[in-house]
Amino acid sequence: MRIGTFVLAAQFPGQGPGEALHRAVRSAEAAEESGLDSVWLAEHHFVPYGVCPSATTLAALLLGRTRRIRVGTAVSVLPNHHPVALGEQAALLHLTSGGRFSLGVGRGGPWVDLEVFGGGLDAYENGFPEALELLLDWLREPRVAGRGERFGFREVAVVPRADELLDGAAEAAGTSGPEVIVACTSPKSVRLAAGRALPMLLGMHCGDEEKAEMVALWRTAAREAGHPPEVVEGAAHVSAGVAQIADGPGDATETLVKTMPGWLRQGLDAHVTVDARHRVMRDPVAYTELLCALHPVGPPKLAADRLAATAERTGITRFALLVEGSGDLAATEENVRRLGVDVLPLLT
């Protein structure tokens with residue numbers, strides 16, 4: 001079982017972005033100190049839901065401040081980036097960290113980001129497969145040309161090459177290039193990831209049954225694409241969730257129900273669509289209660305049992321857990337510590 005944290009740099013009501021980012025950095029440092037496996041960094045633009053606009057930049061900072069823990073993006077929003085620029089950043093972080101960087105990518109949403117960064121609605125609705133293919137080529141090939149509808153350019157050399165880790169570091173990392181993970185929210189994205197044998201990141205809004213169905217679809221599609229059984233069965237998917245540890249049976253839930261709805265309401269309300277399409281908003285209190293029911297929220301034994309149950313039902317043994325739901329720095333650090341000290345030993 002590999003337990004990591006999911007860092008949104010959430011800006012709670014009454015807080016500034018600096019406070020949210022400081023808490024994000026400290027929670028990541030605490031994750032390494034507490035023996036956790038990984039830190040996954042979200043990327044958002046123009047909203048207090050999460051105030052980290054560049055997951056790769058924050059990843060670079062945290063890789064420099066840590067020595068053991070894996071740091072990944074969850075996710076870098078591909079329609080807002082040129083795949084070559086993102087590939088160069090990923091290769092740089094992979095090489096300079098000794099193979100501790102994971103690149104998670106996703107399609108994002110129909111937000112005004114597409115207008116600001118110039119990708120446009122078509123990049124969101126149709127362009128993700130082309131962008132993903134170009135990104136993968138950049139991470140795997142010595143020379144790459146853009147031959148798609150959106151990205152067209154002459155062949156150029158890939159510098160630095162992502163597969164040029166020093167021998168010892170490459171062996172320790174178990175890979176010649178950075179791990180690439182795809183956020184999947186639909187059968188179409190599941191099949192896209194499976195066709196390339198890329199593991200999935202599955203969202204915290206999904207329950208075990210839905211995640212199990214997506215894993216089963218991924219395996220079927222990967223086999224149909226011709227990937228060998230060991231690749232299909234060994235795919236290291238990641239399940240996102242929420243974690244809050246407390247001794248009393250209802251204390252953890254009470255903490256999150258008091259704090260998370262205010263953050264969710266202000267953060268989700270701030271999203272602006274690029275084309276004025278109708279949005280259906282989740283009820284913040286009901287959504288918080290759902291997350292508490294689905295994920296490791298409660299005493300250590302309950303938390304460990306829920307993680308073990310998810311692993312048994314879905315086959316997923318890697319977790320990215322939101323730990324900043326209290327909105328408080330000291331409480332977040334203590335929550336991370338308890339994940340490592342009180343929950344992790346129950347899973348090994």
The correct ranking of Met204, Met1 by accessible area at 1.4 Å, largest first, is Met1, Met204
How much length, in nm to one decimal, is gained on full extension between Val25 and Thr96, taken as 0.36 nm per residue of separation minus their Cα-Cα distance?
-> 23.6 nm
For n ≥ 4 DSSP H runs only, could you compute -39500 (n - 2.57) per run for the chain, divide by its residues and tell me the 222 nm figure to the nearest 500?
-> -14000 deg cm²/dmol
How much solvent-accessible surface does Lys188 expose, in Å² to the nearest 10, with a 1.4 Å probe and all protein chains in place?
-> 150 Å²
What are the residues whose amide H is under 5 Å from the amide H of Leu201, where those residues sit 5 or more places off or on another chain and H is modelled from the backbone?
-> Val182, Ala183, Cys184, Val238
At Val116 and Arg2, where each label point lies 7 Å from the Cα along Cα→Cβ, what is the point-to-point distance in nanometres?
-> 3.2 nm
With the cut-off at 20 Å, report for segment 1-153 the share of all Cα pairs above it, as a whole percent.
-> 51 percent
Rounded to the nearest Å, the spacing of the alpha-carbon centers of segment 1-55 and segment 67-142 is 19 Å
Quick shape check on segment 1-47: root eigenvalues a ≥ b ≥ c of the Cα gyration tensor, a/c under 1.5 is rounded, otherwise prolate if a/b tops b/c, else oblate, and it reads prolate
In the chain, with Lys and Arg counted as +1 and Asp and Glu as -1 at Cβ, which of these residues, Val343, Val144, Leu264, has the Cα nearest the positive end of the dipole, that is, farthest along it?
-> Val144
Phi-based couplings in Hz for segment 241-255 (Karplus 6.51, -1.76, 1.60; Gly and Pro marked x) = x, 10, 10, 8, 10, 8, 7, x, x, x, 5, 5, 4, 4, 4
With a 1.4 angstrom probe the carbon and sulfur portion of accessible area for the chain, in percent, totals 53 percent
Between Glu33 and Glu254, what is the label-to-label distance in nm when each label sits 7 Å out along the Cα-to-Cβ direction?
-> 2.7 nm
Run the dipole for segment 18-149 about the Cα centre, Lys and Arg Cβ at +1, Asp and Glu Cβ at -1, nothing else charged, and hand back the magnitude in debye, nearest 20.
-> 600 debye
Between Phe46 and Glu230, what is the label-to-label distance in nm when each label sits 7 Å out along the Cα-to-Cβ direction?
-> 4.8 nm
With a Förster distance of 45 angstrom and the Cβ-Cβ distance between Val341 and Glu125, calculated FRET efficiency to the nearest 0.05 equals 0.50
Relative to the longest principal Cα axis of the chain, at what angle does helix 329-338 sit, 0 to 90 degrees, rounded to 10?
-> 80 degrees
Provide the solvent-accessible area of Leu217, counting protein heavy atoms only and rolling a 1.4 Å probe, rounded to the nearest 10 Å².
-> 50 Å²
Based on alpha-carbon positions alone, could you give the equivalent ellipsoid semi-axes of segment 271-346 from the gyration tensor, as √(5λ), descending, whole Å?
-> 29, 17, 12
Tell me, what ³J(HN,Hα) does each residue in segment 209-218 have, in order and in whole Hz, if you take phi through Karplus 6.51 cos²θ - 1.76 cosθ + 1.60 with θ = phi - 60° and put x for Gly and Pro?
-> 4, 5, 5, 4, 5, 5, 5, 4, 5, 4
Please label the shape of segment 195-348 as rounded, prolate or oblate, based on the square roots a ≥ b ≥ c of the eigenvalues of the alpha-carbon gyration tensor (a/c under 1.5 means rounded; beyond that, a/b larger than b/c means prolate, else oblate).
-> oblate
Cys52's amide H: which non-local residues (gap 5+, or another chain) put their own amide H closer than 5 Å, with H modeled 1.01 Å from N in plane and none for Pro or chain starts?
-> His44
May I ask for the angle, rounded to the nearest 10°, between helix 300-314 and the longest principal axis of the chain, with both axes built from Cα atoms and the value confined to 0 to 90°?
-> 40 degrees
What angle do you read, to the nearest 10 degrees and between 0 and 90, between the alpha-carbon axis of helix 284-294 and the longest principal axis of the chain?
-> 90 degrees
Net charge contributed by nearby residues that have their C-beta within less than 13 Å of Ala59 (K/R +1, D/E -1) = +1
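The values are calculated or read from the model by the stated rules, or taken from the named source; none is laboratory data. What you see is a predicted model, and the numbers here were worked out from it, not measured in a lab. FYI the Cβ positions are ideal-geometry reconstructions off the backbone, even for glycines, and counts take in every protein chain you see. Accessible surface areas use protein heavy atoms only, side chains included; no ligands, DNA or RNA. Shrake-Rupley method; radii C 1.70, N 1.55, O 1.52, S 1.80 Å.
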